[in-house]
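Please treat every number below as a calculation from the coordinates, not as lab data. Only a predicted model underlies this, so the values are computations on that prediction, with no experimental measurement involved. Quick reminder, even Gly has a Cβ in these numbers, built from the backbone with ideal geometry, and neighbours come from all protein chains shown.
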């Protein structure tokens, strides 16, 4: 807990010491970190591997993009509402996808993402087709506050979303609900035999996870000022899964580190070579082979703690 | 256009599409049946087949040479990957395989981009197959007829291979009870490497055959892997006959769906998959949920 407050304080102080370019990068890292943390709820705790997490991210981005473009809804409200909407839609998605287990579940989530990707190309009035939505504003308000539209203000909004999500998720995985999720991860048949309707728990965690991923996407649209079909593409789903695994699944903090690591590597490698994705693929394979517990898992085991 | 010629040519179209999908689906299902591994890189092997096919045609000027070279090279690469990397992972849970093969997909995509560039590459079918025949007075490309024939031949060959040969027997036995096969004195690890190689080689043939129709491009891998998974999930993971049924079903939905409802063709495919999963979670012919 003390550690958490220290990190939060450090992150809150950073805008005073960093150049604008680094601030932009850090904001993007926090958004991706939130996205990766949302996936960790499914991957790390319930062992539900989503291959279509970009669907939730893109959904959130398009939703908040439309709210901000077509209404005068204040930025924080648009972001929260988009996340909430993403979570509600995901109840239906979760219902369908949890018909299957294991690999079929992963493939169903991938199919859902590809379906949204195809829809986004056709549904021009809402998604702008292949052009995407451009010029998404950071609307002022509520109560006439315009602070959000500044670089620092947007950073604090993102940081608040990330910390809020982290506290919520940490309480969630420590609650009896989280214990059932871990039961599903370790031995679903046994959990059913103990009298839990595991399907309901799985649908719930899919909805929560997709909701937070939607929140991340909803932040990304006003951050970048645009939303396009790239945000729904399967490659992004794969990248976020890499962040979770490299950072350390089942730790909540690890995936955020994974996102920071990913973005940092991308920045560093892309200045040397076009094919940074090649190096990232190799790093990912090496992590799965030799360090399945990830960066944070490794740090934790150094200090004699075990990941949940 | 009259209805009957239209129907016949569309059906043939769908069957040629089914042949390509079957090359992908049966390789994936074979690998899953033996190894309980889901090979996400299957689409990448398919893509590699198309590019190797392109280079072979480019150098030798002979499409038939490509049909032999590509599956051998792709299959050998697949077997090497199994020996070098996947073998480390037996005993870990199934998701490790999914993630490693996903990483391989990223790597192969980048390497192919570095070697062959980003432009889509045109592969010419051999002259004897680039004609058009008239079926009930409707023009129809010979190449698609060739695909239908090739699909049937390969399906029969694999079926006979699994039923009649010693390796086929070992493969079926390993999929039933690997430990017992091992105890009876067969090195199961070799069977696994062979099956992984054969499955990847089949994807490679599919890639070569698809290249004249769709050109060799970097977008092939994700599209192929999704179609393949839909087929295998509909047919049932690990079922050879299931992959055949799934391929035909998906191909007909794709061809007729694209004709009648171009905007919803993709949705139909997923709708069928979801319906199958709701009614029979293990797929039409699958054993496990």
> What angle do you read, to the nearest 10 degrees and between 0 and 90, between the alpha-carbon axis of helix B:188-214 and the longest principal axis of chain B?
Replying inline: 10 degrees
> Where does each of B:182, B:42, B:95, A:70 land when they are ranked from fewest to most other beta-carbon atoms within 10 angstrom?
Replying inline: A:70, B:182, B:95, B:42
> Taking the simple approach of a point 7 Å from Cα along Cα-to-Cβ for both residue B:76 and residue A:273, what is their distance in nm?
Replying inline: 2.5 nm
>> If a paramagnetic tag sat 7 Å from the Cα of residue A:91 along the Cα-Cβ line, which residues of region A:48-63 would have the backbone N under 20 Å from that point?
In response: A:56-57, A:59-60, A:63
> Using alpha-carbon positions, what is the distance between the centroids of region A:1-51 and region B:220-289, in Å?
Replying inline: 38 Å
> Want the number for residue A:189 to residue A:151: 0.36 nm per residue separation, take away the alpha-carbon distance, what's left?
Replying inline: 8.7 nm
> Based on the alpha-carbon gyration tensor of region A:171-308 and its eigenvalue square roots a ≥ b ≥ c, which shape applies: rounded if a/c is under 1.5, prolate if not and a/b is larger than b/c, or oblate?
Replying inline: oblate
> What percent do you get for the relative contact order of region B:39-174 when only Cα pairs under 8 Å and 6+ apart count?
Replying inline: 22 percent
>> Less than 19 Å from a label point 7 Å out along the Cα-to-Cβ axis of residue B:64: which backbone N atoms in region B:120-158 qualify, by residue?
In response: B:124-131, B:142-154
>> Need one number: nm distance between label points at residue B:189 and residue B:271, each 7 Å from Cα along Cα→Cβ, rounded to one decimal.
In response: 5.0 nm
> Relative to the present Cα-Cα distance, how much length would full extension add between residue A:299 and residue A:199 at 0.36 nm per residue of separation?
Replying inline: 32.6 nm
> Once both axes come from the Cα atoms, what is the angle between helix B:265-279 and the longest principal axis of chain B, in degrees from 0 to 90, rounded to 10?
Replying inline: 40 degrees
>> Which of rounded, prolate or oblate describes chain A when judged by the alpha-carbon gyration tensor and an a/c cut-off of 1.5?
In response: rounded
> What's the extension gain from residue A:143 to residue A:14 if we count 0.36 nm per residue and subtract their Cα-Cα distance?
Replying inline: 43.8 nm
> Add -39500 (n - 2.57) for each DSSP H run of 4 or more in chain B, then divide by its residues: what number comes out at 222 nm, to the nearest 500 deg cm²/dmol?
Replying inline: -25500 deg cm²/dmol
>> Pairs of alpha-carbon atoms within less than 8 angstrom and 6+ residues apart define the contacts here; what relative contact order does chain A have, in percent?
In response: 33 percent
> How high is the relative contact order of chain B, in percent, counting Cα pairs under 8 Å that sit 6 or more residues apart?
Replying inline: 36 percent
> Taking square-rooted eigenvalues a ≥ b ≥ c of the alpha carbon gyration tensor, is region A:1-137 rounded, prolate or oblate, where a/c under 1.5 means rounded and, failing that, a/b exceeding b/c means prolate?
Replying inline: oblate
> When the Cα centres of region A:105-178 and region B:163-209 are compared, how far apart do they sit, in Å?
Replying inline: 46 Å
>> Rounding to the nearest 10 and keeping the result within 0 to 90°, find how far the Cα-based axis of helix B:95-116 lies from the longest principal axis of chain B.
In response: 50 degrees
>> So for each of A:229-242, B:251-264 I average, over its residues, the number of other beta carbons within 10 Å; can you give me the resulting order with the highest mean first?
In response: A:229-242, B:251-264
>> Taking the Cα of residue A:266, stepping 7 Å toward and past its beta carbon, and measuring to each backbone N in region A:21-36: which are under 16 Å?
In response: A:22-36
> Measuring from centroid to centroid over Cα atoms, what is the spacing of region A:264-294 and region A:223-248 in Å?
Replying inline: 15 Å
